[in-house]
Amino acid sequence: MNWLELYGQAQASGEAAAGYYNRNVGVRTAEGKVNVRIPLAAADTMDVRIWDEEDVLDCIRPYVSRAPQLRHVSLDPRFQVHHFIEGRVLDSFSPRGSSVPEHVIDDVVGVMEQLVRIPPEKAPPLPVDWPESGDGAGFGRLLARLTQQVHDTHRDEYAAVFADFGVPEEPLAVLEPLWDGLVSRPFAVLHADLHRKNMIVSDGTTWFLDWELALWGDPLYEIGIHFHKMDYPAGQRAEVLRRWRDRLPVSATVGPEADLDLYLAHERVKSAIVDTVRYSKQLVGAPSAVVEFLTHRLAKKLNVARPVWGAAPDMTPERVTRTLAPWVEG
């Protein structure tokens, strides 16, 4: 197969699904359809990233049953080719905040169980300064440090916006003394981005995409970030947590509810900061329907973050629109 030719077809295609870091293009070949995955050169780094995605896919292949199969990797130009998974993106029929099909819960817990059972020595190499396994405080502070860096990078440009949205000058300070209280759990490979747009449902089973943000860390963080991004109805969230505790090793799930609450608090703070920046850029020149959708979503994200800082969850879409008017008006 001529991989560079495939890459050229993908580059020329007007049809693509894009996340924040990669553009995905389905291309038909004589051997079947494949997904060409091309990094977005101008993407801002808003998440902790320690591994190349192809190394993650190689690592998990013997252990995770429903992840993309890596067909080819090119370093220059930079792209990957995955086998194409036919099906429906979960978000397209079960959007954020709604209940998911019953089998999706089992599949989500199943992939978390598969990940924590990967032997540590099979994980890709770690950065030299990465926290030791079980050092929850070090891991939590590492996450918080990146969030603080994002805030600091955009502090001047967004000073008035952050102030109106109730984002403190030091948004992570309220969490700092709490990291030391985390219970020690053995680290594991984490997907760290399990949300509805990264799941494809095909013939009653769920496939898990986009492994670019995979980490080595506290398995409780996996379910914390999953809860934040899925926004399950309360009953389903409780059911996911129950099954997760039942199926994963006790060493991975031990600890009080306060540990989960701390990771959730961090994700709410991070989302308020990161999505203020991301959404403002998406608002430039956007049609009114997109503006309405994004401002409603951002208001909701701010309202789950504001109580972390001791503020009332009283942000409205109208206020978000007024505050971001310079971007909305272009």
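Bear in mind that the values in this text are calculations on the coordinates, not laboratory data. Keep in mind it's a predicted model, so treat the numbers as computed, not measured. Virtual Cβ from ideal backbone geometry, glycine too; neighbours counted across all protein chains shown.
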Net charge within 15 Å of Ala42 by Cβ-Cβ distance, Lys/Arg positive one each and Asp/Glu negative one each, not counting Ala42 itself? +3
From the backbone phi of region 38-53, what are the Karplus-calculated ³J(HN,Hα) couplings (6.51 cos²θ - 1.76 cosθ + 1.60, θ = phi - 60°) in whole Hz, Gly and Pro given as x? 10, x, 8, 4, 9, 5, 6, 7, 10, 9, 5, 10, 10, 10, 6, 4
What base-10 log of the normalised intensity I(q)/I(0) is obtained for the chain from the Debye formula, alpha carbons as equal point scatterers, at q = 0.09, 0.14 Å⁻¹? -0.50, -1.26
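Once the piece of chain linking Val290 and Ser202 is laid out straight, how much longer is it, given 0.36 nm per residue of separation minus the C-alpha distance between them? Before the final figure, lay out the partial values.
Values: separation 88, 0.36 × 88 = 31.68 nm, distance 2.87 nm.
That pair, Val290 and Ser202, stretches by 28.8 nm at full extension.
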Convert each backbone phi in region 184-197 into a coupling constant with the Karplus relation 6.51 cos²θ - 1.76 cosθ + 1.60 (shift: θ = phi - 60°), then list the ³J(HN,Hα) values in order as whole Hz, x for Gly and Pro. 6, 10, x, 5, 8, 5, 10, 5, 6, 7, 7, 9, 5, 7
Can you put Val189, Val73 in order, fewest other beta carbons within 10 Å first? Val73, Val189
Work out from phi, with θ = phi - 60° and the Karplus expression 6.51 cos²θ - 1.76 cosθ + 1.60, the ³J(HN,Hα) of each residue of region 136-144, listed in order in whole Hz, and give x for Gly and Pro. x, 4, x, 5, x, 5, 5, 4, 5
What is the calculated FRET efficiency for Arg61 to Glu257, with r their C-beta to C-beta distance and R₀ = 22 Å, to the nearest 0.05? 0.05
Label model pair Arg245, Arg117: point-to-point distance (7 angstrom along the Cα→beta-carbon line) in nm is 2.2 nm
Order of Thr45, Thr295 from fewest to most other C-beta atoms within 10 Å? Thr45, Thr295
Pairwise centroid distance, computed over Cα atoms, of region 1-71 with region 113-164, Å: 24 Å
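Over region 124-266, what is the mean sequence separation of C-alpha contacts under 8 Å (at least six apart), divided by residue count, expressed as relative contact order in percent?
Working: 144 pairs, mean separation 39.5, N = 143.
Normalised by residue count, the contact order of region 124-266 is 28 percent.
Taking a ≥ b ≥ c as the square roots of the Cα gyration tensor eigenvalues, with a/c under 1.5 meaning rounded and otherwise prolate when a/b beats b/c, else oblate, which class fits region 89-210?
Working: a/c = 2.36, a/b = 1.28, b/c = 1.85.
Judged from the Cα gyration tensor, region 89-210 comes out oblate (a/c at least 1.5, b/c at or above a/b).
When the helix-only estimate is applied to the chain (DSSP H runs of n ≥ 4, each -39,500 (n - 2.57), divided by the residue count), what is the mean residue ellipticity at 222 nm, nearest 500 deg cm²/dmol? Before the final figure, lay out the partial values.
Details: 13 runs with 149 residues, N = 330.
Estimated from H runs of four or more residues: -14000 deg cm²/dmol.
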Counting only the backbone N, which residues of region 201-240 are under 15 Å from the spot 7 Å out from the Cα of Arg96 toward its beta-carbon? 225-233
Tell me the Kirkwood radius of region 151-295: reciprocal of the mean inverse pair distance over distinct alpha-carbon atoms, in Å. 17.5 Å
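Multiplying the sequence separation of Glu5 and Arg237 by 0.36 nm and subtracting their Cα-Cα distance, what value in nm do you get? Provide the component values of the computation, followed by the final result.
Values: separation 232, 0.36 × 232 = 83.52 nm, distance 4.49 nm.
Separation in residues times 0.36 nm, less the Cα-Cα distance, equals 79.0 nm.
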With a 10 Å Cβ neighbour count serving as the proxy for reagent exposure, in which order, fewest first, do Tyr20, Tyr7, Tyr263 appear? Tyr20, Tyr7, Tyr263
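I'd like to compare 106-115, 175-184: which one has the highest average count of other Cβ atoms within 10 Å, and what's the full order after that? Could you put the intermediate results ahead of the total?
On the way: 106-115: 20.7, 175-184: 15.0.
Top to bottom by mean Cβ count within 10 Å: 106-115, 175-184.
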Full extension from Arg28 to Glu176: what is 0.36 nm times the residue separation minus their Cα-Cα distance, to one decimal in nm? 48.3 nm
If R0 = 22 Å, then Leu126 and Asp76, at their Cβ-Cβ distance, give a FRET efficiency to the nearest 0.05 of 0.30
